[in-house]
Amino acid sequence: MDSLAQEQERSLASPRLRYGLLARALFIGMDLFYGKKRTLSKFKVLEIIARVPYQAWENVAYVAMTHTFSKPDFARRIFEFVKESRQQQDNEQWHLLILEELVQKKGIPEGFLHYRVLPQLIALFYYHISWILYVIKPGLSYELNAHFEDHAEHEYMEFVKEAAELRNEPYHGDFKDDYGSFESLADLFIRIGMDERHHKEESLERIAKPRFGEET
């Protein structure tokens, strides 16, 4: 078994986190609007939403930096936090670009309201929830993101498991030089699922930490 297949099995064998009320409401809403079936279009919507917690944290951090110019060490820690959030956000952006390209190349029809307007409205709501939770208590926002990323990780791995044809379909996307080259779409989606796992683990690690590395 190759390393990517082993990583897929690792995710499938791990239990899902115990999702909170907000996360469960989001996942139920996704199923109501886009169906329970795992599709490229539904994953694209998932990735539109996945970017926004990192954008919210980055926004809070920039606001905080404007008030810490008299504390250069603290300001530096905030800036490092911003860079980390930007890297995670950029990673999610690559996922979105790849999925958008696949949807277009396969000629999958998508309604403008259902797949353009509605996802942005959901993302806007999720952004403000993530922002408010972070201001109240950062751990609450990290926990919500960990639940979202855990859900995404398992959904990608389940998608590869149930769609055997993905292993026979090569990946020749325009973004392979930026994100990575993979022999098949199965390998590509397993790699994306691993990214989501990594984001989940980072958020879980941050839950118990003080905001921006402040001293306790």
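Summary table below
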item	result
Residue among L40, L17, L140 with the largest mean-square fluctuation in a Gaussian network model of the chain, springs linking Cα atoms under 10 Å	L17
For the chain: relative contact order, % (alpha-carbon pairs under 8 angstrom, 6 or more apart)	29 percent
Value of [θ]222 nm, deg cm²/dmol, for the chain, DSSP H segments ≥ 4, -39500 (n - 2.57) each, nearest 500	-24000 deg cm²/dmol
Semi-axis lengths (Å, descending) of the ellipsoid that matches the C-alpha gyration tensor of the chain	31, 19, 17
Folded to 0 to 90 degrees: helix 3-13 orientation relative to the chain principal axis, Cα	70 degrees
The stretch 87-216, accessible area per residue, ligands and nucleic acids excluded (1.4 Å, Å²)	50 Å²
Cα gyration tensor category, rounded, prolate or oblate, for the stretch 99-184 with a/c compared to 1.5	prolate
Pairs beyond 28 Å (Cα-Cα), from K105/K161; K42/K161; K37/K137; K36/K137	K37/K137; K36/K137
Spatially proximal aspartates and glutamates relative to K209 (Cα-Cα < 16 Å; intrachain offsets below 8 disregarded)	E80, E84, E143, E201
Dipole magnitude of the stretch 1-135 about its Cα centre (Cβ charges: Lys, Arg +1; Asp, Glu -1), debye to nearest 20	360 debye
On Cα atoms only, tilt of 138-162 relative to the major axis of the chain in degrees	10 degrees
Assigned charges on the beta-carbon of Lys, Arg, Asp, Glu; the stretch 144-216 dipole about Cα centre (debye)	180 debye
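The values are calculated or read from the model by the stated rules, or taken from the named source; none is laboratory data. Bear in mind the structure is a predicted one, so any value in this text is a computation, not a measurement. Counting neighbours? That spans all protein chains shown, and the Cβs are built from the backbone with ideal geometry, glycine included. Only protein heavy atoms, including side chains, enter the accessible area calculation; ligands, DNA and RNA are left aside. Shrake-Rupley method; radii C 1.70, N 1.55, O 1.52, S 1.80 Å.
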